[in-house]
Structure formats: structure tokens, C-alpha cells
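Working notes, beginning with the structure itself.
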Amino acid sequence: MKKALLTLNAGSSSLKFALFDADFGNNPLASGQVDRIGPEGTLRLKRADGKVSTLLPGSLRTHEEALQTVIGVLRSEFEGLEVAAVGHRVVHGGTEYEAPVRLEPEIVTALEAFSPFAPLHQPHNLAGVRAAFAAFPGAPQVACFDTAFHRQHPFVNDTFALPREYFRKGVRRYGFHGLSYEFIAGELQRIDPVLASGRVVVAHLGNGASMCALQGGRSIASTMGFSALDGLPMGTRCGQLDPGVMLYLMTEEGLDAQAISDLLYKKSGLLGLSGVSNDMRTLETSQSPHAREAIDYYTFRIRRELGAMVAALEGLDGLVFCGGVGENSARIRAEVCDPMAWFGISLASKANEQNAQVISDASSRVRVMVIPTNEELVIARATTRIIFGDERALA
Ligand code: ADP
């Protein structure tokens, strides 16, 4: 087979991957993910024809093992597989990295310095980089940063009202989900260039969730800030929280940094509020009143943050939903939009039920859209551009 490009997105306990071949255009040859890296890890593989298989290979205990197993599975699927380049999602690029970069050992070392800013993501991203260097010693590797798309924010959207020295030390709002927003901005430009030149809020609603204010396709504000905890409530993350709560947890409840981190990243959000699940599909079918309240809080906070984004943009022309919830849940989209009728948002209920591309009706002042996001494609495009100088040069 021809040379292929591998994209990797290593999370704290998961490893997402996609294998691209230029002949297949934008569709990967295969994609999938390892979940629950550890003794109970599973590997899900989706082939280009849409067939999905779940494997329990038993050798998914560490990120290194997971990558080796993924490579083994891909090699047995694609005879003669030659990985020509590897593209990585790296959560944090600090203030230095405003664009994807070819990884050299000294850059990997420099990126380690950002681990304290994203302790639950960055070390795993870099473990994926190291594992890929070991697995493909000859293949060039590229890092694509979640923060990069947000690097042009005005000062007021980047700072906290702390003494200046903290801003200089890097305590500032970075914003995340940048690869997803970059993809949506590009799609919007292709689908509706007039809207793309205006004021658009994108709501990326997946396990992690955030919103981004786009002005002429550039990010000017994000609900995520210094960490991926801020803004919207998520599957297991709290979203915006009064910092006084953390002081109380420390002084009165005796929680240390590790316990607070566990609470805010893993036990809060939809899971914490509902006591049922972090998964929106489960909550939507649950009879529990707490599940109902968790959904109410979720959609309320999306509307509240939408108001903040509108203020940053000084108006709103379009609202785009993406991510697992945003792309698939007509109910959540309706529960976000219907109470915003006063603002000129009006959904076409049938189009919404069908997850159509445009889900607002003709009377809506704001165009509401559903655009499936594709972070892997952003990584693949950036990697081919940097390594081969041309997005379609793999053929
Ligand atoms: P990640 O952030 O891990 O990439 P996804 O973008 O895949 O996550 O989003 C996962 C979320 O999407 C889960 O809460 C899941 O329940 C939700 N989801 C997926 N399909 C639907 C659906 N049809 N209705 C409601 N929620 C859905």
C-alpha cells in the first residue's frame, strides 16, 4: 500500500487514532480509539466502510503498549503499511506556539514545561509523542496545539484580574478545543462565506465542552480559560466555579490539591450533578429528576455563556453546534435555543430533528447550524503541509 499518515490524540486514559491515505481524500482508511488504558482497556477500530470492531487485546496497560497494539492491529489490517509521518494533538502550546510545529527532541523538552498548566493532558500527549518516536524512528512528527487557534485574543479576553506578574508567568486564559474550532471555521468558510465573515459562536459539546466566539473566522474569546475546567459544565468537569469554593474545600473540607483535582475533573459536571452518568444519551433516557436537573443546568449554562460570547462579539449572526452532543442531540439544541426566541433564535423543528446542516427557520435572525467536527483531519492536513509542503502530497 501507499504511504500513510497517522494521527494520534492521547488523553489521560484514551488514545484516539486515524490513518489517512491521500487517495481516500478526507476519509481515513481506519480510525478508532483505545479506551480505559489499563488492565481493562478496549480497542475500537472503525474501517473506511464503516464497519466497527471492538477488540480486547489485553496489552493496553500503558500508553506505549496501547500504541504498539494499535500499530500491530493497523499492520495486520493494511499489508505493507508504511507510516510516513505522525501528527499529534498536543493540548498546550503556551504563548510560544501559535501554529503546528515539527517535533524535534528540544521542542518536546520545551513542551514539557507546559505540563503544570495542563497536568491531566499534556504529559499524556507527550507520552504519545515519545511512544511514536520509538515506534517510527524514521517518521517525522508534528504537534498541533489546542491553544494555538486562540492566541490572538484581545488582552481583556486573555487575562484574569490578578496581579500582573501572574499574567507574565503564564497564568492567563488560553482556550482549548482549537483544532475543532479551526475545522469549523474552515467548513463555515466553504459552506457559507458570508456568515463566516461575520460574528459566529461555535458550541463544541462533547465529553469536554466549550464555546468559541469567531469574528471573521478568528477566535476572539473562549469559555475555556487557564485550564480545560472553565466555562461550560462537561461530562465530569465542573465548568465555571467560584474560586471561593476551592478555598472552602481546602480549609473546611481538608481536601488537598490531588483530591480537588479529582473532584473537579472527574467527579463533577453532568456526572456529579445527576449522580447517574456523564453520558448525555444515558441522561436523556433517565427517569431520575437529578438527571433532568443536570440537563437543565447544562443548557442554562450554555445560554449564559452564549450571552457572554455575544457581548464579546457585539452581536451574533450564527450559532454552530458540534461535538457528540452538539451534532446528535436535537433535544439539547432545542433546550438551548428555544428559550432564546426573544433574541431572534428560532429553530425549524424538523430540520433540528434530522440533524440538518441548517436548523434555524426562515424567520430566525441568527443562522443556526450543525457541522460535524473533525479534529483528526485538521491534524492530518497540518502534518502533510509541514512535512511535505502540500496537503495532498502523500499519494
Ligand atoms: P469526546 O469529547 O470524548 O470526543 P464526543 O464528542 O464523542 O466526546 O461526545 C460524547 C458525548 O456525546 C457523550 O455524552 C454522548 O452521550 C453524546 N452523544 C453522542 N450521541 C448522542 C445522541 N444521539 N444524543 C445525545 N447525546 C449523544
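Computed values, structure above
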{"quantity": "For the chain, size of Cβ-based charge dipole, Lys and Arg +1, Asp and Glu -1, in debye", "calculated": "340"}
{"quantity": "Heavy atoms of I71: accessible area, 1.4 Å probe, square angstrom to 10", "calculated": "10"}
{"quantity": "Top positive-direction residue, dipole computed over the chain with Cβ charges, set G72, V378, A139", "calculated": "V378"}
{"quantity": "Charge dipole of the chain about the Cα centre (unit charges at C-beta), most positive-ward option of G11, P39, A203", "calculated": "A203"}
{"quantity": "Most to least packed among 90-101, 138-149 [average Cβ atoms within 10 Å]", "calculated": "138-149, 90-101"}
{"quantity": "Backbone HN-Hα couplings from phi across region 239-245 [Karplus 6.51/-1.76/1.60, Hz, Gly and Pro as x]", "calculated": "x, 3, 9, 4, x, x, 5"}
{"quantity": "Helix-only mean residue ellipticity at 222 nm for the chain, each DSSP H run of n ≥ 4 adding -39500 (n - 2.57), per residue, nearest 500", "calculated": "-11000 deg cm²/dmol"}
{"quantity": "Two-decimal Rg/Rh across region 1-158, once Rg and the Kirkwood Rh are taken from alpha-carbon atoms", "calculated": "0.99"}
{"quantity": "Per-q log10 I(q)/I(0), region 143-209, q = 0.17, 0.27 Å⁻¹ (Debye; single scatterer per alpha-carbon; no solvent)", "calculated": "-0.74, -1.20"}
{"quantity": "Cross-link partners of K267 among lysines (Cα-Cα below 27 Å; sequence separation of 8 or more within a chain)", "calculated": "K16"}
{"quantity": "Span per principal axis, largest first, for the Cα atoms of region 110-246 (Å)", "calculated": "45, 44, 30"}
{"quantity": "The chain - share of DSSP beta bridges that are antiparallel (%, nearest 5)", "calculated": "65"}
{"quantity": "Within region 262-361: Cβ-based charge dipole about Cα centre, in debye rounded to nearest 20 (Lys, Arg +1; Asp, Glu -1)", "calculated": "240"}
{"quantity": "Förster-model FRET efficiency, 56 Å R0, E106 and R44, C-beta, rounded to 0.05", "calculated": "0.95"}
{"quantity": "Cα-based Rg and Dmax for the chain, where Dmax is the largest Cα-Cα distance (Å)", "calculated": "20.9, 62"}
{"quantity": "The chain, relative contact order in percent, only Cα pairs under 8 angstrom and at least six apart counted", "calculated": "14"}
{"quantity": "Student exercise, region 1-61 dipole from Lys, Arg, Asp, Glu Cβ charges, in Debye to nearest 20", "calculated": "60"}
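The values are calculated or read from the model by the stated rules, or taken from the named source; none is laboratory data. Because the structure is a prediction, the values reported are computed rather than measured. All Cβ positions, even for glycine, are placed from backbone atoms using ideal geometry, and neighbour counts span all protein chains on display. Keep in mind that these areas ignore ligands, DNA and RNA; they rest on the heavy atoms of the full protein, side chains included. Shrake-Rupley method; radii C 1.70, N 1.55, O 1.52, S 1.80 Å.
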